Amino acid sequence: MVFNIYRRISVSFIISGICILLAVQGTVSGYTGKEIALKLGDAEFIPLNGTTNYRIKINVNYSVSDPILIGQKVNAVMKVRSADGTVLKTTSFHSGFAANITGHIQLLTNIPKIIARNITTEIVFTDLNKTNVLSNTVETLPHIANLKTSESMPTITNTT
């Protein structure tokens, strides 16, 4: 009879542990990608004088709808893609940034002019570790600024 009681207690602990594990796992991975709303501010190419690079500069406005994230560190990831969808370059914040109720961030990267043909950019907010998506994706075509007539203009494709 004593053995039977211990077996019931063991089974109860195991079931309780499984329930707790499932609850914690559901909470950790329970992001929907709608916790933060992104809207494009502006985007542009800027030729870097004395180099063979363009600087891609993207400004994004954001609004946090999940109060748990306010004041927490999140990250922003920008991917530069070629016409066939290949990721040419990925840029993010090294240590993330604290999310406010609303705000804006700027993402910058350099890309060689030689591969700057038919590119698009894609920005999304993630958790600090860049494993869970917290926002909608903003796809954009950088506008060309301050190009000299001697420079070859990149061809930019439309993402719509």
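No lab work stands behind these numbers, since they all come straight from the coordinates. As the structure is a computational prediction, the values presented were derived from the model and not from experiment. Every residue, glycine as well, gets a Cβ built from its backbone with ideal geometry; the counts of neighbours run over all protein chains shown.
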Practice item. Return the distance in nm (one decimal) between the two label points of a simple spin-label model at GLU139 and LEU88, each offset 7 Å from Cα along Cα→Cβ. Key: 1.6
Exercise for review: Sticking with the crude label model, points 7 Å out along Cα→Cβ, report the distance from LYS73 to ASN118 in nm, one decimal please.
Suggested key: 4.0
Revision key, fill the gap. For segment 109-115, in residue order, the Karplus 3J(HN,Hα) values (coefficients 6.51, -1.76, 1.60; θ = phi - 60°; whole Hz; Gly and Pro = x) are 7, 10, 9, x, 4, 5, 9
